[in-house]
Ligand SMILES: C[S@@+](CC[C@H](N)C(=O)[O-])C[C@H]1O[C@@H](n2cnc3c(N)ncnc32)[C@H](O)[C@@H]1O
């Protein structure tokens, strides 16, 4: 019997990871209040103001890894709310531990596929979308797994408010070129710098970026705004 169920193409490979005690403690304490499980296929609307309990500009960070960048940015930017989404559970635990240690109130953490989460957000509800060092999927046959591709970009752009920012960064030159082509090709976006941007002061150097720099790779920031 053949399986005719259509599975979505994922931008990630599920991988197991162990939570340390520090992560597990933070998870037990904060997940019930700050966490959100993204269930594939769930299309119930999600209102950022409802999640955060206040009506403030909302930044979505896709694939925050271990969450250090998210915590640093949220701590320096208390007037905006940061919704981070990640599939890797130790990263979720680490971000929650940072939230507890730093007493941050403007972070919520979603576990699951970012694009499933984005589908549930209202049009125009985001002030910014951050995708820092998304998996590059360098092999040509895997390019379909890349996060920054036309259909995903169209959806992300539609969830931004007019004037809102889509900020991507990568240390993979070929992905940077492909990102530029995709972002330039979206008529609803405008390149805020006319080319690659210097790393904005608000973006800390991320963990993956450090690895790229150590390996001698160039870093590319791409900052676009919704028209
Ligand atoms: C290369 S890492 C970069 C992590 C971090 N931004 C940094 O720069 O250190 C990419 C991360 O994106 C996550 N990821 C990939 N696809 C995702 C998706 N569809 N939804 C949520 N997270 C995703 C992966 O689990 C991984 O942790």
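The values are calculated or read from the model by the stated rules, or taken from the named source; none is laboratory data. Just so it is clear, the model here is predicted, and its values are computed rather than measured. Positions of Cβ are generated from backbone atoms using ideal geometry, with glycine treated the same way; all protein chains shown enter the neighbour counts.
Does at least one position in the stretch 72-80 carry a residue that is modelled with pLDDT of 95 or more and in contact with a strand residue (DSSP E or B) (Cβ under 6 Å, 6 or more places away or on another chain)?
yes
Yes or no: the stretch 34-45 includes at least one residue that is assigned to a helix (DSSP H, G or I), touching a helix residue (DSSP H, G or I) at 6+ places or on another chain (Cβ under 9 Å) and at negative phi. Yes, the conditions are met somewhere in the stretch 34-45. Inclusion of residue 87 among residues that are within 21 Å of residue 130 (Cβ to Cβ) and within 12 Å of the ligand (Cβ to nearest atom) is warranted.
Here are 55, 25: which of them is without any contact (Cβ under 8 Å) to a residue 12 or more places away in the chain and more than 16 Å from the ligand (Cβ to nearest atom)?
Values: 25 fails: without any contact (Cβ under 8 Å) to a residue 12 or more places away in the chain.
The match here is 55.
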